[in-house]
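Notes follow the structure.
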Amino acid sequence: MSKINIALDGPAAAGKSTIAKLLASKLSMIYVDTGAMYRAITYYYLQENGSTETNFYDLVNRVSIHLKYDKEKGQRVILNDQDVTDYLRENDVTNHVSFVASQEPVRTFLVERQQLMAKEKGIVMDGRDIGTTVLPDADFKFYMIASVEERAKRRQIDNEARGIESNIETLKDEIKARDEFDMNRDISPLKKAEDAITIDTTGLSIEEVTQKILGYVV
Ligand code: C5P
């Protein structure tokens, strides 16, 4: 198969990263988790005691971000020479990431890097604006959705696996608030690209979703 790029977008906790990782492995492609890049900038913003007054032009000038691939651990995010991957799922980062990701300098900085990564093709990239803004010419675009109940349940199971207790109602509220913010920001809001295929994963297993997508790609 000639080299292609696949864009996977959708709301929070719709299973994008799990599916993107599996697809990349089955198709011998490279998986790029763009949410982790926005999370890494958010981690830095919090370390720097960021606030609504933060000058994001200055902030991105002080940041370097690289993605590294570890055979066992998968994608690692290197921020100013430090591997910050293990901090990116912390609540504080999750609760501030939509605000940081809505800032124009942050988006310009990351979109440019993401486009460079995908230049040679062979990339499965997941995020919110991949099909609309980052890779408008991607060979395949999917928009993954699932009910908020199911997304919260999946996030709770993920958290349990990482030893974190979480309340399902709180998770639902957090997911809804993040989607609301991501869908209503001024710059490249979360939305389905016109030519994307919608995949509703509610009630489907990981294997079923993967097979469904492979049905289009292979
Ligand atoms: O996918 P993940 O939940 O890690 O994304 C975290 C946040 O990063 C999203 O809620 C969104 O605010 C932002 N994001 C974005 N554009 C992307 C990927 C993520 O704005 N391409």
Could you say whether any residue in the range 140-152 is under 30 Å from residue 218 (Cα atoms) and modelled with pLDDT under 95? no
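Quick grid of which residues meet (1) modelled with pLDDT of 95 or more; (2) over 27 Å from residue 105 (Cβ atoms); (3) surrounded by fewer than 18 Cβ atoms within 10 Å (Cβ to Cβ); (4) among the charged types (D, E, K, R):
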site	(1), (2), (3), (4)
5	yes, no, no, no
9	yes, no, no, yes
17	no, no, no, no
45	yes, no, no, no
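So in the range 181-201, with the set limited to residues that are outside any loop (DSSP other than H, G, I, E, B) and more than 16 Å from the chain's Cα centre (by Cα), which one is nearest to the ligand (Cβ to nearest atom)? Before you say what the answer is, go through the steps one by one.
Of the range 181-201, the ones outside any loop (DSSP other than H, G, I, E, B) are 181-184, 197-200.
Then drop every residue that is not more than 16 Å from the chain's Cα centre (by Cα), which leaves 184, 197-200.
Details: 184: 11, 197: 18, 198: 18, 199: 16, 200: 18 Å.
Result: 184.
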Taking the range 57-89 and keeping only residues that are touching a Pro at 6+ places or on another chain (Cβ under 9 Å) and either aromatic (Phe, Trp, Tyr) or closer than 25 Å to residue 20 by Cα (or both), one is left with 57
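Filter the range 126-141 down to the residues that are outside any helix (DSSP H, G or I) and farther than 30 Å from residue 167 by Cα, then identify the one that is nearest to the ligand (Cβ to nearest atom). Before the answer, list the steps.
In the first step, residues of the range 126-141 are kept if they are outside any helix (DSSP H, G or I); the result is 126-129, 135-141.
If we keep only those that are farther than 30 Å from residue 167 by Cα as well, we get 135-141.
On the way: 135: 10, 136: 13, 137: 16, 138: 13, 139: 18, 140: 17, 141: 13 Å.
Ranking the qualifying residues of the range 126-141, first place goes to 135.
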Restricting to the range 108-129, count the residues that are out of contact with any Pro (no Cβ under 9 Å at 6 or more places or on another chain), under 16 Å from residue 39 (Cβ atoms) and not aromatic (Phe, Trp, Tyr). 7
Restricting the first residue to the range 181-208 and requiring it to be more than 21 Å from residue 153 (Cβ to Cβ), which pairs with a second residue that is assigned to a loop (DSSP other than H, G, I, E, B) and among the polar types (S, T, N, Q) meet a Cβ separation below 6 Å and a spacing of at least six or different chains? 185/102
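The values are calculated or read from the model by the stated rules, or taken from the named source; none is laboratory data. Nothing here was measured: the structure is a model prediction, and the numbers come from that model. For neighbour counting, all protein chains shown are included, and Cβ atoms are generated from backbone atoms with ideal geometry for every residue, glycine included.
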